[in-house]
1. Explain nothing, just the number: dipole magnitude of the range 50-153 about its Cα centre with +1 on each Lys and Arg Cβ and -1 on each Asp and Glu Cβ, in debye rounded to the nearest 20.
2. On a full-extension model of 0.36 nm per residue, what is the gain between Arg98 and Thr163, subtracting their alpha-carbon distance, rounded to one decimal in nm?
3. Rg/Rh for the range 86-193: what does it come to with C-alpha atoms and Rh from Kirkwood?
4. In whole Hz, what ³J(HN,Hα) sequence does the range 79-95 give by Karplus (6.51, -1.76, 1.60; θ = phi - 60°), x for Gly and Pro?
5. Work out how far the C-alpha atoms of the range 49-142 reach from end to end along every principal axis, then list the three figures in whole Å, largest first.
6. Leu178 versus Ser61, label points 7 Å from Cα toward the beta carbon: distance in nm?
7. Pop out the ³J(HN,Hα) list for the range 172-182 in order, Karplus 6.51 cos²θ - 1.76 cosθ + 1.60 with θ = phi - 60°, rounded to Hz; leave Gly and Pro as x.
8. Provide the packing ranking of 121-127, 97-103, i.e. peptides ordered by the mean count of other C-beta atoms within 10 Å per residue, highest first.
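Where a number appears in this text, it was derived from the coordinates with a stated rule and is not lab data. These numbers were taken from a predicted model, which means no experiment stands behind them. Ideal geometry is used to build each Cβ from the backbone, glycine not excepted, and the neighbour counts take in all protein chains shown.
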Amino acid sequence: MCSFECFLSADVFNHPLLPLVNHCVSQLLMFSLISSFQMQFMLLFSRQGKLRLQKWYVPLSDKEKKKITRELVQTVLARKPKMCSFLEWRDLKIVYKRYASLYFCCAIEDQDNELITLEIIHRYVELLDKYFGSVCELDIIFNFEKAYFILDEFLLGGEAQETSKKNVLKAIEQADLLQEEWRTPPLTENYYT
């Protein structure tokens, strides 16, 4: 039986596939961290406090949703730009990030990782940027159904379902093509001429 010294002297650490194995292991670790993550809701609102997008992953009454939205918008907008993007609120943690004139605000459970939440917010903004080409508030206002669709392709039930930007964008492009096919009437030949 080979001893530990024999294992260390082997050429295992110089193997050409080692970087690939390291990359795969780090991707699996990242996916396992993200897949155990549970978001409660996501809100997008402007600097003026106008709600632009809301996605709830927990069942709440409309009255409770409005109360939460009003309270969080006021709380986040009252914070100074240099303050931390994490805050404890009720029994949840609020993680927010401002991009141009929009605030992306997520509520997570107390034991969830704030940095992963920031990464998820950033990934969603990257997806919006890729789709709209430098996304702005007007893109969200006039194409809100696309913003929801992109979010639904990325997050499912408050959990990341697809971490690859390329795969999410491919699914959105396919849905756009399908939608375009439904809108365009089929060409019919005129048999009477």
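1. Values: 18 positive and 17 negative charges, 116 e Å.
That gives a dipole near 560 debye.
2. Numbers: separation 65, 0.36 × 65 = 23.40 nm, distance 2.16 nm.
Fully extending the segment from Arg98 to Thr163 adds 21.2 nm.
3. Working: Rg = 18.6 Å, Rh = 16.0 Å.
My calculation puts Rg/Rh at 1.16.
4. Taking θ as phi minus 60°, the curve returns 7, 6, x, 7, 6, 4, 7, 10, 8, 8, 9, 6, 9, 10, 10, 9, 10 Hz for the range 79-95.
5. Rounded to whole Å, the extents work out to 37, 28, 26 Å.
6. 3.7
7. Working through the residues one at a time gives 5, 4, 5, 5, 5, 5, 5, 5, 5, 5, 5 Hz.
8. Numbers: 121-127: 18.3, 97-103: 16.7.
Result, highest mean first: 121-127, 97-103.
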